[in-house]
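One structure is given here, and the rest of the page talks about it.
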Amino acid sequence: MEHIAIIGGGGTAAALAHDLILRGFSVAIYERGEFFSGATGRHHGLLHSGARYAVHDPEAARECIEENMILRRLVPQAMEQNDGLFVALDDEDMTYRQRLKDACAASGIPTRDYTPEQARRLEPGLTETVLAAMQVPDATFDAWRLALPFLATARAGGATIHNFTEVIGIDVQGGAVRGLRLRTLTEDAHGARGREWSAPADMVVNAAGAWAGKVAALAGVHVPIQPGPGVLVAIEGRVTNMVINRMRKASEGDIIVPQRRLSVLGTSMWLTDDPDHLDIPPEHVQRMVRLCSEMVPACAGAAIRSAWSAARPLIGNADAARPQEISRTFDCYDHGTRDNVSGLLSIIGGKGMTLRAMAEKTADIICRLTGRDAPCRTRETPLLPARAFYRS
C-alpha cells in the first residue's frame, strides 16, 4: 500500500486525506500549527455561487457552482442556505448588470431579478437608493464545521494526523522523494521541545496554501504561488439575512456575509511574499466599513467585534492588472514532470469551498502516477459530523 504524506493542515489537506483513504492509500498529515489556522479558518465563510467570478473568471465560477451543490448535500449542518443578492447602486452597476446575468447563465448559475421595492422587502436594511437586485444561490458556512468532517472521516478511516509538526526538509534521493524531515513544536512527556525525526513516504503532497512556495523550496523546486492577504471586519448584529454583494467587478468592500449574530465585511487585498507576517492596517478596516455601508447603512453605526487578515494562496499571474483579477481557480503540479523530482506534487490556488474538488484532482493524479485504478468517491460518500473529530 503506497503511503502518501500531506504537508499542511487546511481544508484541502483534510479533503485530500479523506479522498485518498477511500481509494485505498495510507495517509499522514503534517501541519506546522493548529489545523485550519491558515486561510481555511480565517475567511468570511461564503459558499460561493460563482457569480462573483462569472464575468472575469468563468473557470472559477463553474468550479464554485458545482461544489456549492455538492457541499449542500454533504455538509448541510455546516451552513445556512440563505442565498445572496447582488445590488446595483449607481449607473455603472446597472451597466454591469446584464454582463453579470449573461455570464452567470453561461456558467450554469441560476439568477432571479428583483425591483428595488422587492429587494427591500427581502432585505429591509438595504440602502433606499438601491436601483436593482439579482438573487443567486450563495450561502454561508462555518469554516471549521465545513472542513472538520473531512478530517474526522479521514482519521476514522486510518489517516494519521500531526499538528504542531513542522516540515524542515524533504528527502530527495536520485531525483525521487523518499520522505520528510520533521520537527515537533510541542513539548513531549518529558517537557522537551523541538524533537527532530524522519517520516518515509512514497509520495509527498505540498498542500501548504500560502506557504506552498516555502515548502516547495525545501525540495529545490518552484511553484507560482502568490499570497494575497486581505482584511475582514466582523461587526455586531446581523444587518442582513442574505449575503449581499455589490453588482460590479470583484473589488474591495463589496460583500457582507451574515454569520450567526455577526456580519462579516470584506475584503481588502494586497500582495505579499511573507504570509507569516500580516498586518491589519486601520485604514483597511475603516474602508471596509465605509464601502459596505453604501449597500447597508447600518454597517456604519455597528460596533466592530474584530478584524483579522488571512493570505489567499493565489496562483501567480504577472499579467493581472490588479490583485482582484488573479484567478481563484486551482491547479496541481507534478514536479516529476515539471522539475524532475518524482513523487512530489503541489496543489495551490482555489477557495475554502473548493476543498473537495481540489482533493479530487490531486488524488486523480496520484492514482495515475501509482497505477491505481480507483475512482473518486467523495461526491457521494457521507461524512462524519464535525463533533466526531473530538470523540474519537
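When Thr129, Thr160, Thr111 are checked against the criterion of being at pLDDT 95 or above, closer than 26 Å to Arg391 by Cα and of a type in the set (Ser, Thr, Tyr), Thr160 stands alone in meeting it. For region 349-371, give me each residue that is out of contact with any Cys (no Cβ under 8 Å at 6 or more places or on another chain) and not in a loop (DSSP other than H, G, I, E, B). Passing the criteria: Gly349, Gly352, Leu355, Arg356, Ala357, Ala359, Ile366, Cys367, Arg368, Leu369, Thr370. Being in contact with a strand residue (DSSP E or B) (Cβ under 9 Å, 6 or more places away or on another chain) and of a type in the set (A, V, I, L, M) is true of Ala60. Does Arg99 qualify as being closer than 25 Å to Ser268 by Cβ and open to solvent by 10 Å² or more (accessible area, probe 1.4 Å)? Judged against the criteria, Arg99 is a match. The residue that is farthest from Arg52 (Cα to Cα), counting only those in region 235-249 that are assigned to a strand (DSSP E or B) and among the aliphatic types (A, V, I, L, M), is Ile235. Filtering Arg42, Arg73 for residues that are under 27 Å from Ile348 (Cα atoms) and free of Cβ contacts under 8 Å to residues at least 40 places away in the same chain leaves a single hit, Arg73. Taking residues in region 114-129 that are under 12 Å from Leu85 (Cα atoms), and partners anywhere that are small (Gly, Ala, Ser) and in a helix (DSSP H, G or I), the pairs with Cβ atoms closer than 9 Å and at least 6 places apart or on different chains are Leu126/Ala119. Within region 24-35, the presence of at least one residue that is among the acidic types (Asp, Glu) and closer than 22 Å to Leu218 by Cα is confirmed. Of the strands (runs of 3 or more DSSP E) lying entirely inside region 134-185, those containing at least 2 residues that are open to solvent by 20 Å² or more (accessible area, probe 1.4 Å) and among the β-branched types (Val, Ile, Thr) span 160-162, 165-173.
The values are calculated or read from the model by the stated rules, or taken from the named source; none is laboratory data. Just so you know, these numbers come straight off a predicted model, no measurement behind them. No Cβ is skipped: glycine too gets one built from the backbone with ideal geometry, and neighbour counts run over all protein chains shown. Ligands, DNA and RNA are stripped out before the accessible areas are found, and what is left, the full protein with its side chains, is counted by its heavy atoms. Shrake-Rupley method; radii C 1.70, N 1.55, O 1.52, S 1.80 Å.
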